[in-house]
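The values are calculated or read from the model by the stated rules, or taken from the named source; none is laboratory data. Remember, predicted model here, so these are calculated numbers, not experimental data. Cβ placement follows ideal geometry from the backbone for every residue including glycine, while neighbour counts extend to all protein chains displayed. Heavy atoms of the whole protein, side chains included, go into the accessibility calculation; ligands, DNA and RNA do not. Shrake-Rupley method; radii C 1.70, N 1.55, O 1.52, S 1.80 Å.
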Amino acid sequence: MKQWFASLKVSQKLMLISIFFVMPDSLMLYFFITGINANIEFARLEKKGNAYQRPLEDLLELIPQHRLLAQTSGSGDPSVRVKLGRVEEQIEDAFNALEAVDALLSHDLQFTDEGLAKRHREHFRARTVRMEWEDLKSRLGQLHPDAVAAQHLHLVADLRIMITHAGDQSNLILDPDLDSYYLMDVTLLGLPQTQDRLAAVLAFGAGILHRQTITNSERQQLAIHATLLKEADMDRVIGSLQTALNEDANFYGRSASLQARVPPALKEYSDATEHFISLTNHLAGVEGTSVTEADYVAAGSKARAASFALWRIASEELDTFLQTRIEFYEQRRSRSLMVAALALLAAIGFVTFITRSISGPLRRQAEELQAANESLQIEIAGRKRTERELRRSEMQLATAQIIARVGSWEWDMASGKIVWSDENYRIHGLEPGKYAVTHQAAMSFIHPEDRVMAETTMIRALNEGLPFSFEHRIVRPDGSERMIHKRGEAVMAADGRGTAKVFGTSQDITERKMAEEELKSMHKMLLDTSRQAGMAEVATGVLHNVGNVLNSMNVSTTMTQDILRQSKTSSLVRIAGLLEEHSADLTAFLTSHPQGRLVPPFIVKLSCLLDDENQRLHKESAALTKNVEHVKEIIAMQQTYARVSGLVETVQINDLVEDALRMNTCALDRHGVETIREYAPVPPVPVEKHKVLQILVNLIRNAKYACDESGRADKRMIMRSASGNGRVSISIIDNGVGIAPENLTRIFGHGFTTRKDGHGFGLHSAANAAKEMGGQLSVHSDGPGRGASFTLELPVALSS
């Protein structure tokens, strides 16, 4: 130790001494910050428990209401059925909210199968409780009233246990501050217990009043319930809230919202509950009571509503308390870190000053020693250059693998040892070098559905000594899936018996597969949207446009596949095998061996080739992305019109014509049809947009086909708008094949068509749609070969 300390420079010794002085303070700071962070996380977990409890409270409020309505639904009163349906919808909404918060917080609050099993609460999952509710709702009319009441009570008991579990696992029950602790006592324990008891007493008393008879045993039960409501429930809630109000100023300052919101809500709760307790006592102690069922139900419902209103206010104020505590600790942590940073900077500055004051004289001695050392440096310069070249070669190889997203691997059949490159670790979602790779471990990453295929392919390749190439999925440790293209080549043993080693590559092709799947999804979405909107003609036009984009995307996909087939990544396998073969004398091999001296320049050239491949792949990927965006734009436009089916809107006709043209742009360009726009200023028109769009798309497509079939070089279509006599007209004029005079009177008839693959429905449905909107569709042609003109007329919107 003394020799080591003596070998240090003066600056290093001073720095070491400073570190020893700073270390205790650093440890104290670490433990201090760790304690603050623990307090912050403690409060955040409490907030999560409070958030999880909200939908449970909503259900705790609604389930007893559903029970009361279900008991009276057989009376024949239609209003009861309406109310019952409304409450069922509210319960469904509350369950949706519960499942949403469960998806976010179930892991933190141990609402998982494993977490609940540890506490013997396997039944109390959000989905399980919802299934109970769905079963009750579906069999409500078939069950006996007692069974209906029992299932409602079971649901309420499940919800109470879920509230208890949330409180246990979220630290709420261990809250350290008096003000927030007593708010927690109200929201987690006091009010849920009160609400449960209010619902039970209300149902019990209402049943007695409904049958208008009461036994002595029932009187005793009512008296006990009234006493518990007063002493165990209401007094506890009032006492806890009053304590929270009194202790508020002692923790992080006085809360204005707490003092303003809680007392009025508490008074309303206590008044309503006192009134209900009074009616319950009256019902329990007086023969021939004058309490009616309606008055009793109204009083109980009011008390429950007041309790839930008080719970929501208390829950919100508890969240406010917790957030205030979190902010307090965060500010305290920031101040502590700032002070520590300033102290550290001061210490560093002081050490730097002392070091420089001492190191001046020593620098001169170092210069003398430097001169003596130069001769030694010259001797070892050659070795350093060799090491640098080796490191550069390794870095270039690793960079090439990262660029191509290709990892290499080697399997020694004799020893069973498998070596992965760093990129191969990253592809499998692992930190390079931190995982012991065996054949069994490597196979465990392969998706279970692909494992047999992969094992069979590799065994066949090993037995036959042939190269192999296949695609399979892997499952990373975080659960994500990736698509891998695996290639390999077997190296036979020196005696020709069996396989000695296998070299291979694994390429991540997930993004390419995702692009292909997105393309399929876009195509399906287009068909579904068109079918649902009933816009067959519009969908056909859109599909023509999308077809052109798909052709471009197919070209890009083919180019990508060609690049991947011609990829030089297989050269990485041979280089890796060569380096592994000479791993024992790698430096001598790279500097002296004829093949070894070629490795560094070959890797440089290979990295350039892989970089070029990567740029070409990026270019084709960008083209694919652009084409997918084009498809999305076309679909978005079509969906805009699909959504407004049946809705009359006042629109600008010229804009609608442009939308129809955009849906057919690619088809018109492909057929070489020139579009001429002759728009006049026209007033807005009240129409069903999707119907007008159907008509225009149909007419544009017919004009395109007419021009294409004419064989003319100067194919032309004119889009013209005009107005007059209270109407707006849109004309589509083409210089195509024209229409024979005898067909002009039949062209709008059902099933009439002059095209070989036509169905005769388009113009007929277009004419009917125009008539339904108060307009008309007309045609004019000077005969075959002279073109045709279709005109859509629509009434103008009336001025106010």
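For Val796, the residues whose modelled amide H falls within less than 5 Å of its own, excluding neighbours fewer than 5 places apart on the same chain, are Arg727, Val728. Backbone geometry of the range 445-457 corresponds, through the Karplus equation with coefficients 6.51, -1.76 and 1.60 at θ = phi - 60°, to 3J(HN,Hα) couplings of 6, 5, 4, x, 6, 9, 5, 5, 4, 5, 4, 5, 4 Hz, x marking Gly and Pro.
Please go through the range 243-344 and write out the trypsin sites (Lys or Arg not before Pro) that DSSP classes as loop and that have at most 16 other C-beta atoms within 10 Å.
Working: sites: Arg254, Arg261, Lys267, Lys302, Arg304, Arg312, Arg325, Arg332, Arg333, Arg335; in loops: Arg254.
Answer in residue order: Arg254.
Taking all protein chains as they are arranged and a probe of 1.4 Å, the heavy atoms of Thr292 leave approximately 60 Å² accessible to solvent. Among Lys513/Lys568; Lys520/Lys691; Lys520/Lys771; Lys47/Lys302; Lys434/Lys520, which pairs are too far apart, with a Cα-Cα distance over 31 Å? Where the Cα-Cα span goes over 31 Å, the pairs concerned are Lys520/Lys771; Lys434/Lys520.
3J(HN,Hα) couplings calculated from phi for the range 775-781 with the Karplus curve 6.51 cos²θ - 1.76 cosθ + 1.60 (θ = phi - 60°) are, in sequence order, x, 8, 10, 10, 9, 9, 8 Hz; Gly and Pro show x.
Beyond 21 Å, how much of the Cα-Cα pair distribution for the range 39-191 remains, as a whole percent?
Details: 5544 of 11628 pairs.
Cα-Cα pairs of the range 39-191 separated by over 21 Å account for 48 percent.
Overall, the range 1-144 carries a charge dipole of about 760 debye about its Cα centre when +1 sits on the Cβ of Lys and Arg and -1 on the Cβ of Asp and Glu, all other atoms neutral. A compact globular protein would have a Cα radius of gyration near 2.2 N^0.38 Å; the ratio found for the range 375-479 is 1.42.
Determine the gain in length on full extension of the stretch Thr324-Thr587; use 0.36 nm per residue of separation and subtract their C-alpha separation, reporting nm with one decimal. Kindly include the intermediate steps, with their values, before the conclusion.
Details: separation 263, 0.36 × 263 = 94.68 nm, distance 6.33 nm.
Once the chain is fully extended between Thr324 and Thr587, it gains 88.3 nm.
Over the chain, what is the percentage of antiparallel beta bridges among all DSSP beta bridges, to the nearest 5? Kindly include the intermediate steps, with their values, before the conclusion.
Working: 53 of 58 bridges.
About 90 percent, rounded to the nearest 5.
Put Tyr182, Tyr296 in order of accessible area, highest first, and with a 1.4 Å probe you get Tyr182, Tyr296. Relative contact order of the chain, taken over Cα pairs closer than 8 Å and 6 or more residues apart, is 8 percent.
Farthest toward the positive end of the dipole of the range 45-161, out of Ala147, Leu84, Leu45, is the Cα of Ala147, where the dipole comes from beta carbon charges about the Cα centre. With a 1.4 Å probe rolled over the protein heavy atoms of all chains, the accessible area of Lys704, Lys118 falls in the order Lys118, Lys704, largest first. Extension gain, Arg219 to His780: 0.36 nm times the residue separation minus the Cα-Cα distance gives 192.7 nm. About the centre of its Cα atoms, the range 373-477 shows a dipole size close to 220 debye [charges on the beta carbon of Lys, Arg (+1) and Asp, Glu (-1) only; nearest 20 debye]. If both residues of a DSSP beta bridge must be in the range 664-788, then about 65% of such bridges are antiparallel.
Take every Cα pair under 8 Å whose residues are at least 6 apart in sequence, average their separation, divide by the length of the range 407-459, and the relative contact order is 25 percent. Normalising the Debye intensity of the range 207-251 to I(0), with uniform scatterers on Cα atoms only, and taking log10 at q = 0.13, 0.15, 0.19, 0.21 Å⁻¹ returns -0.49, -0.56, -0.68, -0.74. Heavy-atom accessible area for Glu742, with the other protein chains in place and a 1.4 Å probe, reaches approximately 120 Å². Debye-formula intensities of the range 198-292, expressed as log10 I(q)/I(0) at q = 0.17 Å⁻¹, are -0.75 (one equal scatterer per alpha-carbon, no solvent). Computed 3J(HN,Hα) for the range 32-38, one whole-Hz value per residue from the Karplus formula 6.51 cos²θ - 1.76 cosθ + 1.60 where θ = phi - 60°, is 5, 5, 4, x, 5, 4, 5, glycine and proline marked x.
Taking 0.36 nm per intervening residue step and subtracting the Cα-Cα distance, what contour gain separates Asn725 from Glu274 on full extension? Working shown, then result.
Values: separation 451, 0.36 × 451 = 162.36 nm, distance 7.59 nm.
Answer, rounded to one decimal: 154.8 nm.
A simple count of charges around Ile484, restricted to other residues whose Cβ falls under 13 Å of its Cβ and scoring Lys, Arg +1 and Asp, Glu -1, yields +4.
I'd like the distance between the alpha-carbon centres of the range 1-62 and the range 654-686, rounded to an integer number of Å. The two parts, judged by their Cα centres, are 66 Å apart. Dipole magnitude for the chain: computed about the Cα centre from +1 point charges on Lys and Arg Cβ and -1 point charges on Asp and Glu Cβ, it is near 2140 debye. Rolling a 1.4 Å probe over the protein heavy atoms leaves Thr215 with an accessible area of roughly 70 Å². Solvent-free Debye calculation, one equal scatterer per alpha-carbon of the range 260-353: log10 I(q)/I(0) at 0.19, 0.20, 0.21 Å⁻¹ equals -0.91, -0.95, -0.99. For the range 650-754, the Cα-based Rg and Dmax, in that order, read 14.4, 40 Å. Amide H contacts for Lys501 (H built 1.01 Å from N in the peptide plane; partners 5 or more residues away or on another chain; cut-off under 5 Å): Met413, Val491.
Please pull out the direction-averaged projected area of the range 731-791, using the convex hull of its alpha-carbon atoms, in nm² to one decimal place. Intermediate results must be reported in sequence, preceding the final value.
Details: hull surface 16.2 nm².
For the range 731-791, the mean projected area of the Cα convex hull comes to 4.1 nm².
Farthest towards the positive end of the charge dipole of the chain, among the residues Ala767, Ser521, Ala284, is the Cα of Ser521, using unit charges on the Cβ of Lys, Arg, Asp and Glu. Provide the FRET efficiency to the nearest 0.05 for the Leu345-Thr112 pair, computing r from the beta carbons and using R0 = 41 Å. E(calc), rounded to 0.05, equals 0.35.
When Rg is the radius of gyration of the Cα atoms in the range 156-250 and Rh is its Kirkwood radius, what does Rg/Rh come to? Before the final figure, lay out the partial values.
Working: Rg = 16.6 Å, Rh = 15.0 Å.
Expressed as Rg/Rh, it is 1.10.
Computed over the alpha-carbon pairs of the range 310-376, the distance histogram in 10 Å steps reads 16, 18, 16, 14, 12, 9, 8, 5, 1 percent, short to long.
Rolling a 1.4 angstrom probe over the protein heavy atoms, how many square angstrom per residue are accessible across the chain?
Numbers: 41700 Å² over 800 residues.
Heavy-atom accessible area per residue stands at 52 Å².
Report relative contact order for the range 654-745 in percent, whole number only (criteria: Cα-Cα under 8 Å, sequence separation at least 6). Provide the component values of the computation, followed by the final result.
Numbers: 117 pairs, mean separation 29.9, N = 92.
Here the relative contact order equals 33 percent.
Sorted largest first by accessible area at a 1.4 angstrom probe radius, with every protein chain in place, the residues His428, His582, His439, His780 fall in the order His780, His439, His582, His428.
A simple spin-label model places the labels of Lys9 and Lys230 8.7 nm from each other, with each point 7 Å out along Cα-to-Cβ.
According to the calculation over all Cα-Cα pairs in the chain, the P(r) per 20 Å bin from zero is 11, 21, 27, 29, 11, 1 %.
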